[in-house]
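Participant: This is the structure, below, for whatever I ask next.
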Amino acid sequence: MTKVVISGTGVFTPSQSVSNAELVESFNTYVRRHNEKHADAIARGEMEPLAESSVEFIVKASGIEARYVMDKSGIVDPEIMAPRLRQRSNDEPSILAEMSVDAANKAMKRAGKTAADIDAVLVACSNLERPYPAIAVEVQDLLGIEGFGFDMNVACSSATFGIQTAYDMLRSGSVDCVLIVDPEICSGHLNFRDRDSHFIFGDVCTAIILEREETCTVEGAWEILGTRLLTKFSNNIRNNFGFLNRATPEGIGAKDKLFVQEGRKVFKEVVPMVSQLILEHMADAGLDPKDLKRMWLHQANKSMNDFIGRKVLGRDPEPGEQPNILQEYANTSSAGSIIAFSKFSEDMKPGDLGLICSFGAGYSAGNVLVRKRA
């Protein structure tokens with residue numbers, strides 16, 4: 001069977017960043033104004049006052065300290081509390097495609113590839129700015145790639161599901177090289193007026209090059225030893241925004257048209273599901289978790305990752321075994337594990353075993369077992 005490698009990755013990071021302190025200041029200003037406006041109703045017991053947030057609460061709940069965003073001004077404005085991104089004409093590159101091209105060029109350079117070497121483009125992310133034409137086809141056109149492209153969405157697991165999709169195409173022989181991009185403007189679907197989640201997400205785009213081993217020309221590529229995917233339906237993480245909203249106008253603007261979750265239920269149900277998936281996958285591959293040199297886990301919550309690490313390794317992970325980028329990037333949905341992989345893999349030695357793992361809404365989870373090549 002054809003061997004497949006990851007030969008390059010790239011990360012587009014927005015130029016603007018919002019600290020916890022800035023986010024809390026905006027949120028608490030909104031809370032105070034809301035409570036003052038509804039003071040009489042609150043005094044009568046007809047309405048509960050909103051509670052303020054704090055930097056300490058955010059760090060304890062998530063491990064997040066800051067997040068990169070495509071637009072800071074709208075997010076920190078208590079009157080807006082949402083990104084403001086201008087409407088682009090159809091003759092301009094879309095914002096997702098623009099982010100994707102930046103990350104893709106970095107990944108292609110790292111992999112030693114040109115547009116002529118790539119056969120397919122997959123855009124795999126949580127939120128697409130339009131249903132058609134596919135963002136992937138636009139990215140393909142902007143990069144000058146022949147072949148084909150398509151979009152796919154499995155929420156926070158989109159990148160790993162994209163990797164398996166490309167992996168299967170490469171092993172079948174239908175393509176020789178695939179570009180996967182994960183443009184995530186998570187700030188666009190986040191309710192910045194919800195205390196339990198206003199701090200969770202950031203914006204970013206990652207890119208990954210997969211190719212057949214025999215075409216790889218760079219040192220330090222990663223052989224994919226196997227992939228495994230899992231989905232189980234759950235409403236505990238949900239976003240009901242969609243094209244049918246206009247058909248049910250009574251729901252327009254409701255909270256469920258943005259990101260909503262039952263955080264405690266998610267933690268309780270997802271951690272054991274992901275831990276079991278990793279252990280079973282490694283057992284079936286004849287690999288011992290003790291041999292894992294590094295795990296690049298989905299970057300949603302530090303406590304979740306700590307629990308998964310302990311369950312898989314049978315001990316507390318050592319510093320560096322389970323890189324965390326939450327403090328700088330926050331949760332970037334499908335891109336999180338790829339950011340961690342891109343930033344914390346160069347130092348590993350030939351023969352080292354690693355695991356890229358995602359999990360999130362669906363529920364969905366995906367594993368990619370990799371070994372460093374010479």
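Participant: In the stretch 116-154, what count of residues is obtained for those that are of a type outside the set (D, E), part of a helix (DSSP H, G or I) and either modelled with pLDDT under 95 or open to solvent by 20 Å² or more (accessible area, probe 1.4 Å) (or both)? Write out each step before concluding.
Facilitator: So the first thing to find is which residues in the stretch 116-154 are of a type outside the set (D, E), and the list is 116, 118, 120-128, 130-137, 139-140, 142-145, 147-150, 152-154.
Now restrict to residues that are part of a helix (DSSP H, G or I): 116, 135-137, 139-140, 142-143.
Checking the rest, the ones that are also either modelled with pLDDT under 95 or open to solvent by 20 Å² or more (accessible area, probe 1.4 Å) (or both) come to 116, 137, 140, 142-143.
Total meeting the criteria: 5.
Participant: So which residues in the stretch 7-34 are under 29 Å from G220 (Cα atoms) and touching an Asp or Glu at 6+ places or on another chain (Cβ under 8 Å)?
Facilitator: Across the stretch 7-34, the qualifying residues are S7, G10, F12, P14.
Participant: Here's another thing I want to ask about it. Does S358 meet the test of being assigned to a strand (DSSP E or B), open to solvent by less than 10 Å² (accessible area, probe 1.4 Å), touching a helix residue (DSSP H, G or I) at 6+ places or on another chain (Cβ under 6 Å) and not aromatic (F, W, Y)?
Facilitator: In short, yes.
Participant: Go through (1) over 14 Å from the mean Cα position of the chain (by Cα); (2) assigned to a loop (DSSP other than H, G, I, E, B) one by one and return the number of the condition V370 breaks.
Facilitator: (2)
Participant: Among the residues of the stretch 44-66, how many are in contact (Cβ under 8 Å) with a residue 12 or more places away in the chain and touching a His at 6+ places or on another chain (Cβ under 9 Å)?
Facilitator: 4
Participant: Next question, about the same structure. Determine which single condition I339 fails, assuming it passes every other condition in (1) within 22 Å of L279 (Cα to Cα); (2) open to solvent by less than 10 Å² (accessible area, probe 1.4 Å).
Facilitator: So the condition that I339 fails would be (1).
Participant: For K290, only one of the following conditions fails: (1) at positive phi; (2) open to solvent by 100 Å² or more (accessible area, probe 1.4 Å). What is its number?
Facilitator: Of the numbered conditions (1) at positive phi; (2) open to solvent by 100 Å² or more (accessible area, probe 1.4 Å), the odd one out for K290 is (1).
Participant: Return a yes/no flag: does the stretch 313-332 have any residue that is surrounded by 15 or more Cβ atoms within 10 Å (Cβ to Cβ), among the basic types (K, R) and either under 21 Å from C205 (Cα atoms) or over 15 Å from the mean Cα position of the chain (by Cα) (or both).
Facilitator: The answer is no; no qualifying residue exists.
The values are calculated or read from the model by the stated rules, or taken from the named source; none is laboratory data. Just so it is clear, the model here is predicted, and its values are computed rather than measured. We place every Cβ from the backbone using ideal geometry, glycine too, and count neighbours over all the protein chains shown. In case anyone asks, the SASA skips ligands and DNA or RNA and just uses the protein heavy atoms, side chains included. Shrake-Rupley method; radii C 1.70, N 1.55, O 1.52, S 1.80 Å.
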